[in-house]
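Heads up, the thing below is written out as structure tokens.
The values are calculated or read from the model by the stated rules, or taken from the named source; none is laboratory data. Quantities reported herein were computed from a predicted structural model and do not represent experimental measurements. As a convention, Cβ positions derive from the backbone with ideal geometry for all residues, glycine included, and neighbour counts pool all protein chains shown.
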Amino acid sequence: MNDLQAIADRIEIEALRGEFSDAAMMGDHDRLASLFTHDALYRIPDAGVEQVGREAIRAGTGQLAEAWEFFVQTTHPGAIRIDGDTASGRAYVCELGRLRDGGSIFNYALFHDRYRRTPDGWKFAERVFEVRYFDTSPLAGSPDVAWAPAGPPAGDGS
């Protein structure tokens, strides 16, 4: 593999990870499921979640999303190791949200990933969520924005 191919592969895998967070936050379960191979495994061991295959991932993520009043996930780049048409990597994640039952969640975690090159580009073959920090303290904020009215600029003598 030449250097340009390795760079292109890394960019495509990083875009795949970004698409995952975007699809999760937008509640686009069809798009999220399409990011996985047909036989992929998606696991969240601490939550007892194990979904195998695109259909199970689509249904399972839809069911998980129904529990949230709001949910925010940011993903940060981690390691990527490419080996021909397969690769492995990690992505670092911060999530927060409020559940419809009033509970709150804030966590820092890692995604441990395996990727596979397909005719449609790189896809997740396996994605495992490992929580490193978990907090259920009530969130003080809200998804409802209430900006204070703008006053005169400071120091203008008004």
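One table, with the values for the structure above:
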quantity	calculated
Residue that is nearest to L16 (Cα to Cα) [pool: residues in the range 47-81 that are aliphatic (A, V, I, L, M) and part of a helix (DSSP H, G or I)]	I57
Condition met for S104 (polar (S, T, N, Q) and in contact (Cβ under 8 Å) with a residue 24 or more places away in the chain)	yes
Candidates T118, T61 - the one that is farther than 28 Å from G48 by Cα and hydroxyl-bearing (S, T, Y)	T118
Odd one out for T61 among (1) under 22 Å from E14 (Cβ atoms); (2) out of contact with any Leu (no Cβ under 7 Å at 6 or more places or on another chain); (3) without any contact (Cβ under 8 Å) to a residue 40 or more places away in the chain	(2)
Near pairs, Cβ below 6 angstrom, 6+ apart or cross-chain, from the range 10-37 (under 18 Å from A67 (Cα atoms)) to any residue that is among the charged types (D, E, K, R) and assigned to a helix (DSSP H, G or I)	A23/R31; H29/R58
Members of the range 66-99 that are touching a helix residue (DSSP H, G or I) at 6+ places or on another chain (Cβ under 8 Å) and farther than 17 Å from Y42 by Cα	F71, V72, T74, P77, I80, I82
Qualifying positions in the range 53-76 - in contact with a strand residue (DSSP E or B) (Cβ under 7 Å, 6 or more places away or on another chain) and either at pLDDT below 95 or surrounded by fewer than 15 Cβ atoms within 10 Å (Cβ to Cβ) (or both)	G60, A67, W68, E69, F70, F71, V72, Q73, T74, T75, H76
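Let's see how each residue does on (1) surrounded by 12 or more Cβ atoms within 10 Å (Cβ to Cβ); (2) not β-branched (V, I, T):
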| site | (1), (2) |
| --- | --- |
| G103 | yes, yes |
| D113 | yes, yes |
| T118 | yes, no |
| G141 | no, yes |
